[in-house]
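Have a look at the structure below before the remarks.
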Amino acid sequence: MSEAVHHHSGSLSGLGTASASTPMGLGTASPGDYYALMKPRVMSLVVFTAMVGLVAAPTSINPVLALASIFFIAVGAGAAGALNMWYDRDIDAVMSRTRKRPLPAGKMTPSSVLSFGIIMSFISVLGLASASNYLAAGLLAFTIFYYFVIYSVWLKRKTPQNIVIGGAAGAFPPMIGWAAAGGGIMAESLLLFAIILLWTPPHFWALALYKQGDYAKAGIPMMPNVKGAKSTRLQIVIYAVLLVAASSLIAVTPLSSPLYIGVAALLNLAFLVLAFKVWLSKAGDKVTGLDEASLYKVRIGEKCARNLFAYSIVYLFALFGAIAAGQML
């Protein structure tokens with residue numbers, strides 16, 4: 001396991017639909033566009049954390065079935081991404097960093113994207129059930145439902161807590177991997193879930209601090225837009241502390257290793273330092289006038305938020321990598 005008043009009629013949705021329904025629009029879809037629908041950057045994190053869950057589980061699975069399980073989890077993540085892009089095509093057309101996605105760019109029709117997402121969802125769930133077990137497949141089905149219905153349809157446009165509650169969708173993959181290995185649901189897999197759940201708010205709110213102008217144009221109630229930058233900076237620190245506490249609990253579980261303890265200590269220290277820098281800064285106080293598609297180009301005063309956002313990605317990969325490495329050594 002990442003945005004305007006809810007509507008899919010009028011000029012915004014019409015933009016994506018009309019342009020995509022022309023012969024030129026239908027003919028411009030490429031394999032790369034289908035790949036983009038699956039949100040590859042998000043998928044890479046989903047696949048990696050699911051692999052860690054599978055490797056860290058106390059039970060083992062045939063290597064071929066393990067690879068098949070990871071493949072179907074990736075397909076499921078891609079299906080959820082496609083369904084999200086189908087629903088969000090109106091706001092994607094407004095936001096600078098999303099307007100080049102296949103639907104707002106007019107390269108695909110909404111119906112083709114919806115069909116693609118639904119078909120991929122069924123393939124992923126049925127495939128995972130065949131490669132592993134029904135529990136893992138059920139968790140994957142629930143994750144797709146949660147990301148699409150609970151987050152995309154219900155929460156994203158209605159509450160500044162969208163990321164807090166919706167973050168559960170991105171936190172399920174290690175539990176799915178753990179279950180796919182035959183480990184069921186255990187305290188350790190729930191702890192992996194909790195780590196990602198607590199990581200999500202500071203990760204996305206750091207981005208929202210310097211991209212709130214983009215979110216405001218789309219009418220998405222992200223925390224800085226609703227509660228203000230100062231409140232958001234404080235909440236980033238609170239969640240950073242909770243994240244460090246949760247990741248430190250790994251040390252008293254079978255998932256711990258000397259490697260993990262050392263790596264986690266360094267990663268957590270850096271996360272806290274960056275979070276406190278954001279707290280002490282004025283990031284987000286003045287909504288930027290930059291209309292940049294780039295995730296990382298910011299004004300000088302917002303570099304601390306950009307740095308936390310960028311580091312948080314490295315943090316999660318490295319933390320979960322240390323868990324997996326410690327189990328394999």
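A straight chain from residue 310 to residue 126 at 0.36 nm per residue would run longer than the Cα-Cα distance by 62.7 nm.
In this structure, residue 227 and residue 248 have a Cβ-Cβ separation that, at R0 = 30 Å, corresponds to a calculated FRET efficiency of about 0.60. Helix-only arithmetic for the chain: the sum of -39500 (n - 2.57) across DSSP H runs with n ≥ 4, divided by the residue total, places the mean residue ellipticity at 222 nm at -22000 deg cm²/dmol. For the stretch 68-199, take every pair of Cα atoms, bin their distances at 10 Å starting from 0, and report each bin as a whole percent. Final binned percentages: 13, 38, 34, 13, 1. With both labels modelled 7 Å from their Cα along Cα-to-Cβ, the residue 30 to residue 62 distance reads 3.9 nm. What the Cβ-Cβ distance of residue 154 and residue 329 gives, at R0 = 45 Å and to the nearest 0.05, is a FRET efficiency of 0.55.
Between the stretch 44-73 and the stretch 204-225, the C-alpha centres lie 34 angstrom from each other.
Between residue 280 and residue 216, the FRET efficiency estimated from the beta carbon spacing at R0 = 25 angstrom works out to 0.55. With the convex hull constructed from alpha-carbon coordinates only, the stretch 154-271 shows a mean projected area of 8.2 nm² over all directions. In the chain, taking the dipole from charged Cβ atoms about the Cα centre, the farthest positive-side position among 249, 208, 267 is held by 208. Values of log10 I(q)/I(0) for the stretch 186-329 across q = 0.08, 0.09, 0.14, 0.18 Å⁻¹ run -0.24, -0.30, -0.65, -0.94, by the Debye formula with one identical scatterer at each alpha carbon and no solvent. Each residue of the stretch 133-142 was assigned a 3J(HN,Hα) from its phi angle through the Karplus expression (A = 6.51, B = -1.76, C = 1.60, θ = phi - 60°), giving 7, 5, 5, 4, 5, x, 5, 5, 4, 5 Hz with x at Gly and Pro.
Peptides 44-57, 260-273 ranked from most to least packed, by the mean per-residue count of other Cβ atoms within 10 Å: 44-57, 260-273.
All of the numbers you see were taken from the coordinates with simple rules; none came from a lab. Worth saying up front: this structure is predicted, and the values here are computed from it rather than measured. Methodologically, a virtual Cβ is constructed for each residue, glycine included, from the backbone with ideal geometry; neighbour enumeration extends over all protein chains shown.
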